[in-house]
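Have a look at the structure below, then the notes.
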Amino acid sequence: MLAAAADHFGRRAPLFNTSGQSYRALGSAVVKAMSDPEALDALAADGKLIKRPFVALPDGRFLVGFKQDQWIEAFGR
């Protein structure tokens, strides 16, 4: 599912919780230096690295983080 989300966004950066302790412990330079498979493995291994909320919609779209306009579009009022 993480690979599908990265494909949806066209990059992996939106999946990372850059404010979290796990991300800060790794460091942005380390995350940027990871290959895509390494980054997806890191996300899968430590759920704290994933930006939340994280929702997979039935139509194949993903919502990551809270952007009110996107959530209203996806779920209505």
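Values quoted throughout were computed directly from the atomic coordinates according to the rules given, and no laboratory measurement underlies them. Since the model is a prediction, treat every value here as computed from it, not as a measurement. Neighbour counts run over all protein chains shown; Cβ positions are idealised from the backbone, glycine included.
A compact table of results
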quantity: Complete set of residues in region 53-77 that are in contact with a helix residue (DSSP H, G or I) (Cβ under 7 Å, 6 or more places away or on another chain) and without any contact (Cβ under 8 Å) to a residue 24 or more places away in the chain; calculated: L57, L63
quantity: Qualifying helices (runs of 4 or more DSSP H) (wholly inside the chain; at least 2 residues being in contact with a strand residue (DSSP E or B) (Cβ under 8 Å, 6 or more places away or on another chain) and not small (G, A, S)); calculated: 2-9, 68-75
quantity: Qualifying positions in region 48-67 - more than 30 Å from A25 (Cβ to Cβ) and surrounded by fewer than 12 Cβ atoms within 10 Å (Cβ to Cβ); calculated: L57, P58, D59, G60
quantity: Region 34-47: number of residues that are over 11 Å from R12 (Cβ atoms) and surrounded by fewer than 11 Cβ atoms within 10 Å (Cβ to Cβ); calculated: 1
quantity: Residue pairs meeting the criteria (Cβ under 9 Å; at least 6 apart or on separate chains; first over 12 Å from L40 (Cβ atoms), in region 1-28; second in a helix (DSSP H, G or I) and among the hydroxyl-bearing types (S, T, Y)); calculated: N17/Y23; T18/S28
